[in-house]
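*Asks:* One structure, pasted below without further comment.
We did not get these values from a lab; they are worked out from the coordinates using the rules stated. Source: prediction; values computed, not measured. When we count neighbours, we look across all protein chains shown, and the Cβ atoms used for this are built from the backbone with ideal geometry, even at glycine.
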Amino acid sequence: MTVRARPQLDCWQGVIRRYAEHLPVSNVTPIITLNEGNTPLIPAQNFVEAIGGNFQLFLKYEALNPTCSFKDRGMTVAVSKARERGAEIVICASTGNTSASAAAYAARAKMKCVVLLPHGKIAQGKLAQALMYGATTIAVKGNFDEALRIVRELGESGKVEVVNSINPVRIEGQKTAAFEICDQLGDAPDFHFLPVGNAGNITAYWKGYKEYHAAEKSDTLPRMFGFQAAGAAPIVDGHPVANPHTVASAIRIGNPASWEGARNAIAESDGYINKVTDEEIIAAYRLIARTEGIFVEPACAAPLAGIANCVRDGMVPEGSLVAATMTGHGLKDPETAISAAGFSPTVVEPTREAVERVLGL
Ligand code: F0G
């Protein structure tokens, strides 16, 4: 048989290839990619109607990245740079999504991956990912902030490459989501709503919007609106939280590494940061699934609840163009979904009549 030439793939090949000129890579950087990015921007007018708003809402559905969260954008850059430097082991602390992403990209780069997770506090789907991708998984009897402190200390030893967002190249990769939104909308939105945990993503989006604007690839800048969970709202409350708690386990963080970055994004963009309760998070989590068919993990419901509160308080002018990032997939956290939806199946005999009786037909 003839040996076929390697095809020139006519498809999206990840954020590094698409946005190389804006990223800290060169032609000697090995590109470790799973073709992340290019996620859909989905209009969500049923949700807007349900909360009584009169504006346009677009959801950046980051759940459709290869490991089902936005972390893949930063991880492709972090792992590619680690590989370029000849590192052999990558390490991170995580509430679940960073660890899933680091484990996947490390596997692809033939590198070892170590993940430190708050024991018993991460969603099952995320744990399954880290295990399947072959990461060494360590459960720390403590919270994310404590796990990150250990990772920072290990990073200083020089033996491992830290791929948390304290590594600035993670922020560089994540900013590509703002580029895509400008490319998809034709300009920046008026408002951008995000969940805030370790605060890397709001920092990254603001950097991305500013850079695109400076490069004259967009005409306007959005106002950045961040939302924390009420039991884990250090930036809103103005002090670290020793024992953060919330149903949105992804953002159960008491001392964010990019606190300063979040504060700058909000100050410079004439933005806003506030908190939402777990009840508000669960209500928005259910509402977006039921009105739009969009299943997200609970952390994504923080900005959705935030939008509802801002509409109630008259903070979103009629006709505005609003974007919100849906950072992770609902399937990552099936336990919270089943408990929020109320699982009460009606068990019937295997007959048509039995089903008709249940339906009242
Ligand atoms: N949404 C999801 C689904 C997340 O996993 C995270 C953070 C955030 C929002 C908050 O983003 O930290 O940049 O402010 N997850 C990290 C992790 C902490 O370990 O997966 P942030």
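*Asks:* If you plug each phi of the range 17-30 into the Karplus form 6.51 cos²θ - 1.76 cosθ + 1.60 with θ = phi - 60°, what whole-Hz ³J(HN,Hα) values come out, in order, with x for Gly and Pro?
*Replies:* With the stated coefficients, the range 17-30 comes to 5, 6, 10, 3, 5, 9, 10, x, 10, 9, 6, 9, 6, x Hz.
*Asks:* Here is a further query. Lys and Arg at +1, Asp and Glu at -1: add these up for the other residues within a Cβ distance under 12 Å of VAL28 and post the number. Mind dumping the intermediate values first?
*Replies:* Values: positive: LYS81, ARG83, ARG85; negative: GLU84.
Charge balance near VAL28 sits at +2.
*Asks:* What are the lysines whose alpha-carbon lies under 16 Å from the alpha-carbon of LYS217, with same-chain residues fewer than 8 places away excluded?
*Replies:* Hits, sequence-local ones excluded: LYS175, LYS207.
*Asks:* Please list 31-40, 312-321, 153-162 highest first by mean number of surrounding beta-carbon atoms within 10 Å per residue.
*Replies:* Peptide ranking by packing, descending: 31-40, 153-162, 312-321.
*Asks:* What's the extension gain from ASP183 to ASP219 if we count 0.36 nm per residue and subtract their Cα-Cα distance?
*Replies:* Here the answer is 11.8 nm.
*Asks:* Right, something else. What aspartates and glutamates could a cross-link reach from LYS71, if we take a straight Cα to Cα line under 13 Å and drop same-chain neighbours fewer than 8 places away?
*Replies:* GLU36, GLU62, GLU172
*Asks:* As a check on your grasp of the helix formula, calculate [θ] at 222 nm for the chain: sum -39500 (n - 2.57) over DSSP H runs of n ≥ 4, divide by the residue count, round to the nearest 500.
*Replies:* Mean residue ellipticity, 222 nm, calculated: -12500 deg cm²/dmol.
*Asks:* Quickly work out the VAL28-to-ARG357 label distance, labels modelled 7 Å from Cα along the C-beta direction, and quote it in nm with one decimal.
*Replies:* Modelled inter-label distance: 7.6 nm.
*Asks:* Only sites in a loop by DSSP and with at most 15 other Cβ atoms within 10 Å count here; which trypsin sites (Lys or Arg not before Pro) in the range 17-91 make the cut?
*Replies:* Here the sparse-neighbourhood loop sites are ARG85.
*Asks:* While we're looking at this one, here's another question. With only Lys, Arg, Asp and Glu charged, each at its Cβ (+1 for the first two, -1 for the last two), find how big the charge dipole of the chain is about the Cα centre; round to the nearest 20 debye.
*Replies:* 1260 debye
*Asks:* Ratio to report: Rg/Rh of the chain, with Cα atoms as the point set and Rh obtained by the Kirkwood method; give two decimals.
*Replies:* Radius of gyration relative to Kirkwood radius: 1.00.
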